[in-house]
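These notes concern the structure reproduced below.
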Amino acid sequence: MQAAETTVDPSEVAKFEAMAAEWWDPAGKFKPLHMLNPCRLDYITRQIAAEFDRDLAAEAPFKGLRLLDIGCGGGLLSEPMARLGAEVVGADAAERNIPVARIHAEQSGLEIDYRHTTAEALAEAGEQFDVVLNMEVVEHVADPLAYLTACRALLKPGGLHLCSTINRNPKAFMMTILGAEYVMRWLPKGTHEYQKFITPDELCSLLEQAGLKLLDRSGFVFNPLTWDWSISSRDLSVNYVTAARKPA
């Protein structure tokens with residue numbers, strides 16, 4: 001069988017492999033994701049609950065849903081999804097992330113199927129999911145359209161695709177690269193490449209070209225006074241997220 005083509009960018013994978021051991025350190029190199037995570041989870045859980053008519057107040061509300069966390073890293077999203085009852089597959093192209101994620105899940109008493117693989121390889125194998133989480137990954141791949149097309153192939157008909165990334169404009173450059181990498185030094189210099197950032201209109205067009213129907217787009221907004229994140233229906237100027245459905 002011919003190996004599946006991949007949109008993985010080896011230089012991007014190397015960046016995250018170098019930081020793998022720090023995934024679960026809230027004061028380490030992934031501090032921005034730890035800070036953002038409650039806001040991300042709020043959006044993700046509400047979108048899934050609305051799409052699949054689930055009561056978030058119920059015990060294990062996502063039971064019966066098969067979910068893929070593509071670009072799972074150390075499992076910052078995979079673990080909450082497993083706690084909510086979903087059957088979770090966590091996949092990452094950075095091999096060193098997988099043992100970190102497995103060990104932490106085992107220590108947390110969670111069963112999560114972590115794999116060193118790609119979206120394209122999973123699609124080639126015929127894997128199917130109710131939900132694909134595609135958070136902060138698309139700005140790191142070599143071919144966004146091919147990557148999103150693979151993500152669409154991984155969805156069951158009617159499945160939900162959640163994708164977040166970073167806008168491309170001077171404000172996003174100031175906050176994400178100058179602020180996070182050079183001033184606050186939360187991330188190593190060179191973690192992000194400005195030319196790979198994607199505007200909301202561009203991402204929505206790519207999702208449509210990939211065969212997905214847009215349901216929502218919202219912003220993740222950081223408040224430097226309260227030092228926390230919130231969801232905005234209007235401010236997509238830096239970090240933002242989309243929800244889209246694969247037609248039934």
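The values are calculated or read from the model by the stated rules, or taken from the named source; none is laboratory data. Being a predicted model, the structure only gives us computed values, none of them experimental. We place every Cβ from the backbone using ideal geometry, glycine too, and count neighbours over all the protein chains shown. With ligands, DNA and RNA removed, areas are computed over all heavy atoms of the protein, side chains included. Shrake-Rupley method; radii C 1.70, N 1.55, O 1.52, S 1.80 Å.
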- Query: With labels modelled as points extended 7 Å from the Cα through the Cβ direction, what inter-label distance (nm, one decimal) is found for D55 paired with C204?
  - Reply: 3.5
- Message: Helix-only mean residue ellipticity at 222 nm, the chain, DSSP H runs n ≥ 4 weighted -39,500 (n - 2.57), per residue, nearest 500. What is it?
- Response: -8500 deg cm²/dmol
- Note on the structure: In whole percent, the fraction of accessible protein surface over the chain that belongs to carbon or sulfur atoms, probe radius 1.4 Å, stands at 53
- Selection from A82, A27, L122, by position along the positive dipole direction of the chain (Cβ): A27
- Counting alpha carbon pairs within less than 8 Å and at least 6 residues apart, what relative contact order, in whole percent, applies to segment 188-241? 28
- Item | M135 long-range amide H proximity, modeled H, under 5 Å | I70, S164
- Cβ-Cβ cut-off under 13 Å around L110, Lys and Arg +1, Asp and Glu -1: the net charge is -4
- Note on the structure: Measuring from its Cα centre, segment 5-153 shows a charge dipole (+1 at each Lys and Arg Cβ, -1 at each Asp and Glu Cβ) which, in debye to the nearest 20, is 360
- Item | Probe 1.4 Å - accessible area at R102, Å² to nearest ten | 130
- Message: Run the numbers for D228 and L214: contour at 0.36 nm per residue of separation, minus the present Cα-Cα distance, in nm.
- Response: 2.3 nm
- Task: Return the subset of K29/K246; K171/K213; K29/K63; K31/K171; K63/K156 for which the Cα-Cα distance in this structure is over 23 Å, preserving the input order.
- Result: K29/K246; K171/K213; K29/K63
- Out of [x] 45, 44, 37; [y] 46, 43, 34; [z] 75, 63, 37, which label holds the value of Cα extents along the principal axes in Å that was computed here? [x]
- Message: At a threshold of 8 angstrom on Cα-Cα distance, excluding pairs fewer than six apart, so keeping six or more, what relative contact order does segment 10-246 reach in percent?
- Response: 18
- Here the percent of antiparallel bridges among DSSP beta bridges lying wholly in segment 10-246, to the nearest 5, is 50
- Query: In whole Hz, what ³J(HN,Hα) sequence does segment 101-109 give by Karplus (6.51, -1.76, 1.60; θ = phi - 60°), x for Gly and Pro?
  - Reply: 5, 4, 5, 5, 5, 5, 5, 8, x
